[in-house]
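Peer 1: Below are the structure tokens for one structure; questions will follow.
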Amino acid sequence: MACLNMVGVSLRKVEEKTVKNSDECTLDGSVDRKGQPAVRDRTGSWFAAILILVNQGLATLAFFGVGVNLVLFLTRVMGQDNAEAANSVSKWTGTVYIFSLLGAFLSDSYWGRYKTCAIFQAIFVVGLISLSLSSYIFLVKPEGCGNESTPCGTHSGFATAMFYVSIYLIALGNGGYQPNIATFGADQFDEDHPNEGLGKVSFFSYFYLALNLGSLFSNTILGYFEDKGTWALGFWASAGSAIVALILFLVGTPRYRHFVPTGNPLSRFCQVMVASVRKWKVMIPSNGDELYEVDGKENPNNGSRNILHTKGFKFLDRAAVITSKENSFEKVDMKSPWHLCTVTQVEEVKCILRLLPIWLCTILYSVVFTQMASLFVEQGAAMKTNIANFHIPPASMSSFDILSVAAFIFIYRRVLDPLVVRLKKSHCPKGLTELQRMGVGLVIAILAMVVAGTVEHFRLKYKDNDCSNCEGSSSLSIFWQVPQYVLIGASEVFMYVGQLEFFNGQAPDGLKSFGSALCMTSISLGNYVSSLLVTIVMKISSTDRMPGWIPGNLNKGHLDNFYFLLAVLTTADFVVYLLVANWYKYIKFEGRSEKLEGCQHV
């Protein structure tokens with residue numbers, strides 16, 4: 001009997017231990033859909049992440065199914081001229097990125113990332129269905145119009161209004177969704193757990209790969225059908241893809257991990273500024289431990305982890321200095337945040353101020369990136385685009401960029417990153433830091449512009465001076481463009497994936513979606529800066545004898561000089577980036593392991 005009792009006790013202990021292990025909660029403060037601490041084995045990780053990756057690929061396919069040929073739709077179906085159509089597309093694209101800031105604000109402040117993603121994806125689906133219906137019923141009339149040779153007729157005011165309402169619903173839905181889905185996917189991994197922390201790093205690479213694979217399908221297959229005039233079919237395919245994406249997203253609802261929204265960050269920022277100004281005569285203690293902070297790893301003021309005090313921007317530290325008047329209050333609740341702020345609240349402001357210079361340095365890279373969709377295509381159109389009787393659309397050369405992204409994600413994750421870890425011989429499980437990878441991306445972008453300029457130099461050497469429209473006017477094959485597309489793709493893996501990881505990891509807990517929105521606004525400003533730069537270059541380079549570096553007929557210009565100018569500007573940007581990256585101080589959360597903190601250095 002004694003033996004049986006001992007066996008029974010042992011079995012109960014094993015069962016208790018098993019239950020305890022299976023109910024292990026995450027360390028980063030995430031919760032399940034009921035608001036309870038997230039259990040590691042029942043929530044998040046790769047099951048939830050894979051659903052989000054597929055969702056991203058399908059949503060990207062749907063978005064670019066509209067965006068990639070929108071300028072053609074405006075000219076062939078809506079009857080706009082080239083300049084008006086290009087301007088309309090620029091406004092629409094810019095609006096997408098403005099809405100990304102709105103989505104990030106609502107997510108971080110009030111709705112949370114899951115609710116924000118679901119609502120804006122639903123708006124996205126409604127916009128695509130509306131566009132498909134309006135195109136089929138009102139716009140693509142008479143039937144068969146909208147191709148290269150048969151423009152459509154005029155449209156009623158109602159039909160035109162339906163079109164614009166539809167495309168701006170698409171802009172609102174995609175813009176509000178995009179910065180949150182990347183962050184929500186990263187939320188499924190506990191960065192304070194060794195294995196899940198590495199999974200979170202890999203997630204951003206696969207996320208960017210999913211984005212590129214979705215755009216590859218829309219740029220090739222959907223783009224081909226739309227170019228032939230089957231607009232309604234292309235839009236319905238986009239709508240179907242978005243519906244499937246939304247359904248898959250909702251399927252994962254029971255498994256997702258969530259972070260509680262932290263309230264309006266603008267009020268917290270204003271409180272720090274006001275409190276600092278009010279105490280501009282107050283002496284700042286030399287020891288940061290004397291500044292005001294609440295106890296514990298969770299900050300009740302904004303629901304986020306406490307951030308450790310850092311040097312720099314010392315004038316903001318005054319907001320956390322406890323004066324004799326404030327010290328007289330017995331209860332913390334009686335201390336007004338407009339007079340006294342926590343160290344965490346002050347560090348939030350410092351963090352954003354430190355991120356802005358890094359972000360500004362990424363804008364010029366985006367200028368280089370945008371050339372792939374504009375000048376690279378124009379350059380390719382002026383080259384030999386035929387193989388036997390087969391015509392290669394110049395825009396389809398971007399497929400080499402997407403294939404390059406896929407290849408270099410694999411090469412970096414499986415070859416370069418492990419190699420760097422071994423060479424460094426450190427305890428850090430990561431190879432290059434995010435800042436180092438972004439720097440590598442800038443260097444590769446410089447090489448891409450040098451290569452593009454060299455290709456253009458030889459294209460001009462073999463040009464046909466007697467051409468009429470000058471499309472395919474050079475005997476140099478379009479396949480000489482492959483290296484510049486491949487280099488741009490390689491630079492994206494280092495720059496944009498590193499950027500996603502960096503802004504997500506360095507943004508305070510209450511501003512994670514805002515960090516992802518910074519990546520999107522960098523691309524948006526890159527478009528605007530590129531347009532401004534082209535305008536300035538054309539104005540300066542135009543003379544009586546020469547129509548400028550980038551005229552309508554590239555054979556009469558010097559596009560190679562423009563590429564070399566971008567290489568010089570990006571080199572200068574790289575030098576500034578090195579200075580800013582060395583100045584940058586990484587955010588440090590209270591209670592985070594020293595091993596993880598040790599991985600953060602330039």
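The values are calculated or read from the model by the stated rules, or taken from the named source; none is laboratory data. What you see is a predicted model, and the numbers here were worked out from it, not measured in a lab. Cβ placement follows ideal geometry from the backbone for every residue including glycine, while neighbour counts extend to all protein chains displayed. Areas reflect the complete protein model, heavy atoms only, side chains present, ligands, DNA and RNA absent. Shrake-Rupley method; radii C 1.70, N 1.55, O 1.52, S 1.80 Å.
Peer 1: For the range 483-602, list the helices (runs of 4 or more DSSP H) that sit wholly inside it and hold at least 1 residues that are buried (at least 18 other Cβ atoms within 10 Å of the Cβ) and at pLDDT 85 or above; which are they?
Peer 2: Qualifying helices (runs of 4 or more DSSP H): 512-541, 559-583.
Peer 1: Answer yes or no as to whether F163 is among the aromatic types (F, W, Y), under 29 Å from T521 (Cβ atoms) and part of a helix (DSSP H, G or I).
Peer 2: Yes, satisfied.
Residues checked against (1) outside any helix (DSSP H, G or I); (2) small (G, A, S):
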| residue | (1), (2) |
| --- | --- |
| F204 | no, no |
| L222 | no, no |
| G234 | no, yes |
| G240 | no, yes |
| P261 | yes, no |
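Peer 1: Further, regarding this structure: Would you confirm, using the coordinates I've provided, whether G199 is open to solvent by less than 30 Å² (accessible area, probe 1.4 Å), among the small types (G, A, S) and either touching an Asp or Glu at 6+ places or on another chain (Cβ under 8 Å) or closer than 18 Å to G29 by Cα (or both)? Spell out the reasoning first.
Peer 2: Numbers: open to solvent by less than 30 Å² (accessible area, probe 1.4 Å): yes; among the small types (G, A, S): yes; either touching an Asp or Glu at 6+ places or on another chain (Cβ under 8 Å) or closer than 18 Å to G29 by Cα (or both): yes.
So G199 passes the test.
Peer 1: Keeping to the range 355-401, report how many residues are without any contact (Cβ under 8 Å) to a residue 40 or more places away in the chain, among the small types (G, A, S) and closer than 20 Å to T535 by Cβ.
Peer 2: Residues meeting the conditions: 1.
Peer 1: Could I ask something else about it? Does L53 satisfy being over 24 Å from F204 (Cα atoms) and buried (at least 17 other Cβ atoms within 10 Å of the Cβ)?
Peer 2: Taking the combined requirement at face value, the residue does not satisfy it.
Peer 1: Considering only residues that are of a type in the set (F, W, Y) and in contact with a Lys or Arg (Cβ under 9 Å, 6 or more places away or on another chain), which ones fall in the range 390-420?
Peer 2: Y412
Peer 1: Restricting to helices (runs of 4 or more DSSP H) lying wholly in the range 364-466: which have 3 or more residues that are out of contact with any Cys (no Cβ under 7 Å at 6 or more places or on another chain) and open to solvent by less than 10 Å² (accessible area, probe 1.4 Å)? Walk me through it before giving the result.
Peer 2: Values: elements: 375-381, 398-411, 417-424, 434-461.
Where helices (runs of 4 or more DSSP H) fall fully within the range 364-466 and carry at least 3 residues being out of contact with any Cys (no Cβ under 7 Å at 6 or more places or on another chain) and open to solvent by less than 10 Å² (accessible area, probe 1.4 Å), they are 375-381, 398-411, 434-461.
Peer 1: Still on this structure, please answer the following. Could you list, in sequence order, all residues of the range 80-120 that are part of a loop (DSSP other than H, G, I, E, B), open to solvent by less than 60 Å² (accessible area, probe 1.4 Å) and under 30 Å from P151 (Cβ atoms)?
Peer 2: Q80
Peer 1: Among the candidates A452, A407, A448, single out the residue that is modelled with pLDDT of 85 or more, over 25 Å from D573 (Cβ atoms) and among the small types (G, A, S).
Peer 2: Of the residues listed, the single one that is modelled with pLDDT of 85 or more, over 25 Å from D573 (Cβ atoms) and among the small types (G, A, S) is A407.
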